[in-house]
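Quick notes on the structure that follows.
Every number in this text was worked out from the coordinates using simple rules, so none of it is lab data. All of these numbers come straight from a predicted model, not from anything done at the bench. Glycine gets a Cβ as well: all are built from the backbone with ideal geometry, and neighbour counts include every protein chain shown.
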Amino acid sequence: MVNENLVKDVVKEPYKYGFVTDIDTDKIEKGLNEDVIKLISQKKEEPKFLLDFRLKAFKKWQKMKEPDWAALGYKKIDYQDIIYYSAPKQKEKISSLDEVDPKLLETFDKLGIPLTEQKKLTNVAVDAVFDSVSIATTFREELSKHGVIFCSISEAVKNHADLIEKYLGTVVPDSDNYFAALNSAVFSDGSFVYIPKGVTCPMDLSSYFRINSGDSGQFERTLIIAEESSSVSYLEGCTAPMFDTNTLHAAVVELIALDDASIKYSTVQNWYAGDEEGIGGIFNFVTKRGKCLGKRSKISWSQVETGSAITWKYPSCLLLGEESVGEFYSVALTNNLQQADTGTKMIHIGPKTKSTIVSKGISAGKSKNSYRGLVKMGTKATGSRNYSQCDSMLIGDQASANTFPYIKSQQPNSEIEHEASTCRISEDQLFYLQSRGIEFEEAVSMMVSGFCRDVFNQLPMEFAAEADKLLALKLEGSVG
Amino acid sequence: MEIIEKIKTNTSDDNLTEIQKICLNKLQSSPLPNPKSELWRLSNKSKLSNFLDYTVNEKDSKFDIPYPKNSQSTIRLIIGENCQIKLIKKNYSIQQLSQDEIQKYIKEQISFFKQNENWSDLLNLSLSCKNNILGLKINGSKIPPIEIFSHASSNSLKAKTLVIFLEKNCDVELLQVNLGKENSSLSQSTFFCLKENSSVNHGVVSYGEKRSNLLNSLNVIQQKNSSYNLGSLHFRFNYARFEISIKQTAGNAKTNIKGMQITKKDEQISTYTKIEFNGPNGFLDQINKSLADDKSHAVFEGSIIVPKIAQKTDASQLSRNLLLSNFAQIDTKPQLEIIADDVKCKHGATISQLNEEELFYMRTRGITLTEASKLQLSSYFQEIISFIPISKDKWDLLDKLLHDD
């Protein structure tokens, strides 16, 4: 028998990113209407096409209904009780990082995000988003030498309006779904990446999202364009302070890969998940989609989802170009009263397209973890292939693990394979490891990381190590 | 849709049984299933309304079913033809259930019904009159195989209901055959109750003629240590739905399901299964095969539900599909909903066409492409057909499938 007390004795690691930064912010009134949207657009000095885009999305959003098909239960969100714009007050234009409010730098320092000069040695360029606004982007000059544009989306709207106008909303249309429409109407900031033809991005790009205020929602929008024969690896991390209230996070990410281009998008999501009683936590409703437009293009999603009270997220690939490739590697961990409904969509439209799905769900405590995925072979997807594997691990007899794969084929000359299994950490395995002198907690963590290895192997080096540690921390005290 | 109109208005008729009244009442507020619900969203709406277009004809016109020859050792029953059965032998007994017994059992089942999930049953029970309900209580062992027929004649809609109680320690082979005539609709609901230690090899073979429709639902309750084996085959229907619901009430039971559906032309055949484990040590092995050709559409949705109480459940589900034409469509959705942690649950799904390498191999040996495809198909079919009891040889099912145009 596993000693329950032993488990309970293990000191529980508190959510270490739960602090609040005390900083002056520029917030607008709660509530959402056309004037609020106009105000956001005005504050950001946006061109007319963007305001029109926002208003159009808002009109559509008003007519839409919040989706209820996911296996999630949460109290109704009052969309008029949210602040749609909140930004730290700082000088209007910042020429160097030294001018950024030191409090902000300190915040990101605490989070382990290298913004200050001396920490820039790690070869990762960072765009840091605080509440709704991007506060700093590092390594810009170095990147611009290669022609890579990496900046906040508000800056891109000003400096590269042509690209924004051409691509914004082409992958996730403004009326795609309820949360995407809301985002299109009120998005405040996010990252913009443009990799020119033939360029392999010299370093990993990274965005770090931080929610600081408890009553404002975060609506960021990311757009990545990889021109012909270019490639980029993009990392995304997120944390939030601990509040008793639920904060809404509705983001949209759009990726576009042209001929022979490749985009790798990795996420470690660690929003505040609420306490053990399920009070507080982030409602994470995210629409992420990539379009493999060009021949032989490739989009790869890898994600480690450990935070959020509610996760509703289906990073997808539209495989249009001939021989394009879509990948999805995911680890979703839920503990206590967390709920996650996550998965992917692989839509095969072009011929000889290929996709791989590897999803690992771990549910502990009283949580609910569902995989929901769609694989569709269109009529023109001759010679296409898909392979999906969804494994769930249950820890304790209160958690639930569900698998809902939707598979649809209209093309006889294509192949779809799907498999799913459910397992648990068995006492035999634990006993074996413990008898070899391995501590109980370490044994559990070894087994979990073995279970997730297929996904961790796909993560960039520094993320993989972080993810491994994160899972071990999150699971502490949950095996009994 | 005359029937729907009738449902809306016709509840006070004195000729109706209590069950009919209850079901009509349940249907009245929303006589059709919600087309957006998960269980009905892929269902072809115009085909469903075509199903309901025929008039209900309670009396059966004489209908020659092309039965294979009856061997002396099988017991043959036809639902709707006033057959009185009371067989009491040394080893076994087969007796008709009384109206009270049937009503009591069905009423209990209805209390669990949900509008969309059990719409087919509600429709069946509200239309099916006393004469079209057959109830049997089977007891004993070494029982001769039983064949039960259900059919709909041309230009009519028939609703037939079958209730079977398998008593303790009983062991039986039972083949159910549902036949549809040209332009007909058949609604068949079957209620099976397997008591402790009983075991059944159940076969369901349904085939129609041009433009025949079928709503076939099967509700099985399995008590402790019972074993339920189902082999099913559905083909040649303009529109057919096969809904299986199996509940292992106290776990410790075994369920084996091997089903197949074949669609051609513009047909649509769907299979929906829901298996619930309400106790520990349950076992399930399920395979569902679909073949879709021409412009047809085959659907499979299977859900396995393992609540907290169902520890040590061992369940596997496999959906294998062959898509043979550019215009055909296959949808499949195997689902797992698990809370118990000490379980072994897995599912798999594949969609592909005939294996090219195997075809090539056979052709290099001088076998024509048509013959080689047939050989491959026959091996694909055989796994299911060999699992259907009684039928194997005398029904020539394989032959029917391979030469079916």
Rg over Rh [alpha-carbon atoms, Kirkwood Rh] for segment B:206-361: 1.03
Where labels lie 7 Å past Cα in the beta-carbon direction, separation of residue B:365 and residue A:469 in nm: 6.1 nm
Dividing the mean separation of Cα pairs under 8 Å (6+ apart) by the residue count of chain B yields a relative contact order in percent of 10 percent
If Lys and Arg each add +1 and Asp and Glu each add -1, what is the summed charge of the other residues whose beta carbon sits under 13 Å from the beta carbon of residue B:284? +4
Taking the Cβ-Cβ separation of residue B:285 and residue A:65 as r and a Förster radius of 51 Å, what is the calculated FRET efficiency to the nearest 0.05? 0.80
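Just for the protein assembly as shown, what percent of DSSP beta bridges are antiparallel, to the closest 5?
Just about 10 percent of them are antiparallel.
Calculate the mean, over all residues of peptide B:321-327, of how many other protein chain Cβ atoms lie within 10 angstrom of the residue's Cβ. Kindly include the intermediate steps, with their values, before the conclusion.
Details: counts 3, 1, 9, 1, 2, 7, 3.
For this peptide, the per-residue mean of nearby foreign Cβ atoms is 4.
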Report the residue, chosen from B:202, B:347, B:234, that carries the largest GNM mean-square fluctuation when chain B is represented by alpha-carbon nodes joined by springs under 10 Å. B:347
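As a check on your grasp of the helix formula, calculate [θ] at 222 nm for chain A: sum -39500 (n - 2.57) over DSSP H runs of n ≥ 4, divide by the residue count, round to the nearest 500.
Numbers: 12 runs with 110 residues, N = 480.
For chain A, the value works out to -6500 deg cm²/dmol.
Based only on the alpha carbon positions, what is the Kirkwood hydrodynamic radius of chain A, in angstrom? Walk me through the intermediate numbers first.
Numbers: mean 1/r = 0.0439 Å⁻¹.
Value: 22.8 Å, from the Cα pair sum.
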Just tell me, in residue order, which DSSP H segments of chain A are both 20 angstrom or longer along the helix axis (alpha-carbon based) and at least 0.0 in mean Kyte-Doolittle hydropathy. A:461-475
Using alpha-carbon positions, what is the distance between the centroids of segment A:246-297 and segment B:333-363, in Å? 30 Å
Could you list the chymotrypsin sites (Phe, Trp or Tyr not before Pro) in segment B:100-196 that lie in coil according to DSSP, counting only those with at most 14 other Cβ atoms within 10 Å of their Cβ? B:112
Specify the residue with the greatest mean-square fluctuation among B:203, B:80, B:348, computed from a Gaussian network of chain B linking alpha-carbon atoms under 10 Å apart. B:348
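Would you tell me the mean number of C-beta atoms belonging to other protein chains that fall within 10 Å of each C-beta in A:392-398, as a whole number? Walk me through the numbers before you get to the answer.
On the way: counts 3, 1, 8, 1, 2, 9, 3.
Averaged over the peptide's residues, the number is 4.
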Could you tell me the center-to-center distance, by alpha carbons, between segment B:88-167 and segment A:390-445 in angstrom? 41 Å
If unit charges are put on Cβ atoms (+1 for Lys and Arg, -1 for Asp and Glu) and the dipole of the protein assembly as shown is taken about its Cα centre, the option from B:327, B:135, B:387 lying farthest towards the positive end turns out to be B:135
Please work out how much length the chain gains when fully extended from residue B:74 to residue B:312, using 0.36 nm per residue of separation minus the C-alpha to C-alpha distance, in nm with one decimal. 81.8 nm
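Please compute the net charge surrounding residue A:280, taking Lys and Arg as +1 and Asp and Glu as -1 over other residues with Cβ under 13 Å from its Cβ.
Values: positive: A:75; negative: A:215, A:244, A:275, A:276, A:277.
That works out to -4.
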For chain B, whose charge dipole is built from +1 on Lys and Arg Cβ atoms and -1 on Asp and Glu Cβ atoms, the candidate among B:31, B:17, B:51 with its Cα farthest towards the positive end is B:17
Kindly provide the pair-distance distribution of segment A:301-425 built from C-alpha pairs, with 5 Å bins from 0 and whole-percent values in order of increasing distance. 3, 12, 23, 21, 15, 11, 8, 5, 2, 0
Backbone HN-Hα couplings from phi across segment B:318-333 [Karplus 6.51/-1.76/1.60, Hz, Gly and Pro as x]: 10, 10, 10, 9, 10, 10, 9, 9, 5, 9, 7, 9, 10, 10, 9, 8
R0 = 51 Å: FRET efficiency of residue A:461 with residue A:417, Cβ-based, nearest 0.05? 0.95
What number results when the radius of gyration of segment B:287-405, computed over Cα atoms, is divided by 2.2 N^0.38 Å? 1.32
From the residues A:395, A:349, A:361, which one has its Cα farthest along the dipole of segment A:339-399 in the positive direction, the dipole being from +1 and -1 charges on Cβ of Lys/Arg and Asp/Glu about the Cα centre? A:349
Which of B:273, B:55, B:368 ends up with the largest GNM mean-square fluctuation for chain B, with Cα atoms connected below 10 Å? B:368
